[in-house]
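**Student:** My questions will all concern the structure given below.
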């Protein structure tokens, strides 16, 4: 599976692309340094059917000696670059963690065989 249609990076200061999770549009930060992919709870509650916080949790350290609770993972269908991928995402309560866009980690980029083209502002 290789992505055939590039996704345009929509913000010039970060690799954020438009994506769709279960037919709900969202912005996704492609984070090559992120080991896992994360969806904000507020987005998951808009999905049909909504995704509730799963019981399995994991405490994750962030920069600045803070911790965030990851719930999951939860398999979700995500569409970007002309691909639909069933991928495990962790859910974060964004009212507590301040997560704005969804985060596509290196795990998602690897499973979708995606490449960031920084010069042309594209995700392949």
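**Student:** Here's a check for you: in region 110-124, which residue that is loosely packed, with under 13 Cβ neighbours inside 10 Å and farther than 17 Å from residue 10 by Cα is nearest to the chain's Cα centre (by Cα)?
**Tutor:** Result: 110.
**Student:** Yes or no: residue 107 surrounded by 14 or more Cβ atoms within 10 Å (Cβ to Cβ) and under 13 Å from the mean Cα position of the chain (by Cα)?
**Tutor:** The answer is yes for residue 107.
**Student:** Another question about this same structure. I'd like the full set of residues that are farther than 22 Å from residue 9 by Cβ and surrounded by fewer than 18 Cβ atoms within 10 Å (Cβ to Cβ), limited to region 78-95.
**Tutor:** Passing the criteria: 86, 88, 93, 95.
**Student:** Restricting to region 38-70, what's the tally of residues that are closer than 20 Å to residue 106 by Cβ and either assigned to a strand (DSSP E or B) or modelled with pLDDT of 95 or more (or both)?
**Tutor:** Here the count works out to 8.
**Student:** Mind listing just one residue for me: the one in region 49-77 that is surrounded by fewer than 17 Cβ atoms within 10 Å (Cβ to Cβ) and touching a residue at least 24 places away in the same chain (Cβ under 8 Å) and, of those, nearest to residue 102 (Cα to Cα)?
**Tutor:** The selected residue is 77.
**Student:** Of the numbered conditions (1) at pLDDT below 90; (2) out of contact with any helix residue (DSSP H, G or I) (no Cβ under 8 Å at 6 or more places or on another chain); (3) surrounded by 14 or more Cβ atoms within 10 Å (Cβ to Cβ), residue 28 fails exactly one; give the number of that condition.
**Tutor:** Residue 28 satisfies all of (1) at pLDDT below 90; (2) out of contact with any helix residue (DSSP H, G or I) (no Cβ under 8 Å at 6 or more places or on another chain); (3) surrounded by 14 or more Cβ atoms within 10 Å (Cβ to Cβ) except (1).
**Student:** Could you check, for region 96-103, whether at least one of its residues is surrounded by fewer than 16 Cβ atoms within 10 Å (Cβ to Cβ), part of a strand (DSSP E or B) and at pLDDT 90 or above?
**Tutor:** No: region 96-103 contains no residue that is surrounded by fewer than 16 Cβ atoms within 10 Å (Cβ to Cβ), part of a strand (DSSP E or B) and at pLDDT 90 or above.
The values are calculated or read from the model by the stated rules, or taken from the named source; none is laboratory data. In this text the structure is predicted, and so the values were computed from the model without any measurement. Quick reminder, even Gly has a Cβ in these numbers, built from the backbone with ideal geometry, and neighbours come from all protein chains shown.
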